[in-house]
Structures are given as structure tokens and as C-alpha cells.
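**Q** My questions will all concern the structure given below.
Quick note: the coordinates plus some simple rules give every number you see, no bench work behind them. Since this is a predicted model, take the numbers as computed values, not measurements. Don't worry about glycine lacking a Cβ; one is built from the backbone with ideal geometry, like all the others, and counts go over all protein chains shown.
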Amino acid sequence: MPSKKVGEEGLFVWIWLPDTTEPVVAGRLFGQPDDVVAFLYGQSYLKAPGAIPVYLPELPLRAGPQRPNGMLRMHAAIRDASSDAWGRRVIVSMPFEGLTGSAVRLETLARAIRNRMRRGGTE
């Protein structure tokens, strides 16, 4: 188990490109000072032939940090990877050892994904 929490460094987002069998790193989620979780495409991903947006309406292929629209704290397409409302309440009730705001959101998402993968990735 890594010594640092996910929320302290961000969370890498992997994607399967069309007609491939292995995922590649598309970018990284990271917390902002105002507790919003932003997304940043990797430079190598943006230059890769066949690169596709994670979700075009929210995360077009472009350089630079992308913040969610409106009052959202996390892009809806990214939040879809997390647990449902009940599961988020259970995860958030667990101790986060000094993490706050967007770091908690990232750690919650990471825990949900790890739990889903332990169950075989199906829901």
C-alpha cells in the first residue's frame, strides 16, 4: 500500500483507445484550492494518434486544466466511475487522516474504484 493518499498527488485516468487491448494514461485528476477536482490531459496523450476525449461534452481534447462546469465539484463523467450515493456515504464515513475537500473526493473515488476492481469490475 502506498504511503501517500491518492488525494495528495491526484489520480491517473486510464482509457482504452479504439481497437486496442491495453489501456493508456489519458490524464490526471487533481484537487484545486477551492475543493474542485480538475482534469488535465497528459501531453503525450494529446499527441497520440487516435486519442479520444474522455467525454466530449465535458472534457474536450485540449491542453491545460479543465474544471467542471457550473456548481459541480467533479466532472459528471468522472463521478460516474464512483459508487452510488449510498456507497459514497459509507466511504466518506471512513477516516481520511487529515485530508479535506477535493483530496477527500479523489480518495473516495479511488477507494470506490479499488473496491469495484476487487469484485471483478462489474456492477
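**Q** Would you mind calculating the gained length between LYS47 and LEU61 on full extension (0.36 nm times residue separation, minus the Cα-Cα distance), in nm to one decimal?
**A** 4.0 nm
**Q** Now for a different question. Going by how many other beta carbons lie within 10 Å of each one, how would you line up THR108, THR21, fewest first?
**A** Ascending number of Cβ neighbours within 10 Å: THR21, THR108.
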